[in-house]
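*Asks:* There's a structure below that I have some questions on.
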Amino acid sequence: MEMIKKYAGILMMLTLLVGFTSCEDDEDIYDDLMGRTWVGDLWFGSDNNPIESGIRLDNNGLGIDYQVFDYNGRPAGDLPFRWWVDYGTLYLDYGYDFALREIRGVRVRGRYLQGDLFLDGEYIDYIELQMQ
């Protein structure tokens, strides 16, 4: 019986350690993401009319996507969105008119935000957004 209590205690401690580590990673990425503009393809537009996104992530969980047409650089409009990070995934919620964008395994390396892009849970492609 004593042996079971000992292992149960160790198991509880490991569970807490893993839980705190997960939250800590998400908090660290916030500082790398906030207050910067990240430019790249978030799969707006179409093959014939691609749109490049320039997302700015503010510290209040809101952001703005400054979109331009890829072929000529002219403004395509600005889209507000809500954002958050949970378990290593950056969520970009543009509202009911657009698919929820997820960048899973999000990380910042140098001047690049990297990860796997999902639209409404469907894998699209590995992406890199460059810091401006």
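The values are calculated or read from the model by the stated rules, or taken from the named source; none is laboratory data. Everything quoted here is computed from the prediction, not taken from an experiment. Every residue, glycine as well, gets a Cβ built from its backbone with ideal geometry; the counts of neighbours run over all protein chains shown. Each accessible area value is taken on the protein alone, full model and side chains, heavy atoms only, with ligands, DNA and RNA left out. Shrake-Rupley method; radii C 1.70, N 1.55, O 1.52, S 1.80 Å.
*Asks:* Taking only region 45-68 into account, find how many residues are in a strand (DSSP E or B) and either of a type outside the set (G, A, S) or open to solvent by less than 40 Å² (accessible area, probe 1.4 Å) (or both).
*Replies:* The number of residues fulfilling the criteria is 15.
*Asks:* Take region 69-83 and flag every residue that is open to solvent by 90 Å² or more (accessible area, probe 1.4 Å) and within 19 Å of the chain's Cα centre (by Cα). Please lay out each step first, then the result.
*Replies:* Looking only at region 69-83, we keep the residues that are open to solvent by 90 Å² or more (accessible area, probe 1.4 Å), and these are 71, 74-75, 78, 82.
D78, R82, listed by residue number.
*Asks:* Among the residues of region 84-114, which ones are aromatic (F, W, Y) and either crowded, with 16+ Cβ neighbours inside 10 Å or free of Cβ contacts under 8 Å to residues at least 40 places away in the same chain (or both)? First the steps, then the outcome.
*Replies:* Pass one, region 84-114, residues aromatic (F, W, Y): 84, 87, 91, 94, 96, 98, 112.
Across region 84-114, the qualifying residues are W84, Y91, Y94, Y96, F98, Y112.
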